[in-house]
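Written out below as structure tokens is the structure these notes cover.
The values are calculated or read from the model by the stated rules, or taken from the named source; none is laboratory data. What you see is a predicted model, and the numbers here were worked out from it, not measured in a lab. Here the Cβ positions follow ideal geometry from the backbone for every residue, glycine too, while neighbour counts run over all protein chains shown.
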Amino acid sequence: MTALLTESDITAALADLPKWQRKGQSLTQTIDCPDFPAAIALVNRVAEAAEEANHHPDMDIRWRTVTSPSARIRRAESQAST
């Protein structure tokens, strides 16, 4: 199993990922595409990579805006107790 990130790991990683932000216990990214077909093509590219990695993120499409709100953060200390 992949090791979980600590709070300091998350903060440090976000400093290098300017298009990502933390909202509660999720990491999110919003991308504005030129038009709706481009937004669908983006989601399809993500779906192919996600399927290969056996990772299936939630994605929200609103016309030409794609948001990935599903990168859930699990605290390492809570996982250690389960």
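Of all the residues in the stretch 47-64, those that are among the basic types (Lys, Arg) and part of a loop (DSSP other than H, G, I, E, B) number 1. Given the structure, is ALA76 closer than 24 Å to LYS23 by Cα, modelled with pLDDT of 95 or more and out of contact with any Asp or Glu (no Cβ under 6 Å at 6 or more places or on another chain)? No: the conditions fail for ALA76.
A search for C-beta distances below 6 Å between a residue of the stretch 40-66 that is within 12 Å of THR30 (Cα to Cα) and any residue that is among the aromatic types (Phe, Trp, Tyr), counting only pairs 6+ apart in sequence or on different chains, returns ARG64/PHE36. Within the stretch 6-26, the set of residues being within 11 Å of the chain's Cα centre (by Cα) and surrounded by 12 or more Cβ atoms within 10 Å (Cβ to Cβ) comprises TRP20, GLN21, ARG22, SER26.
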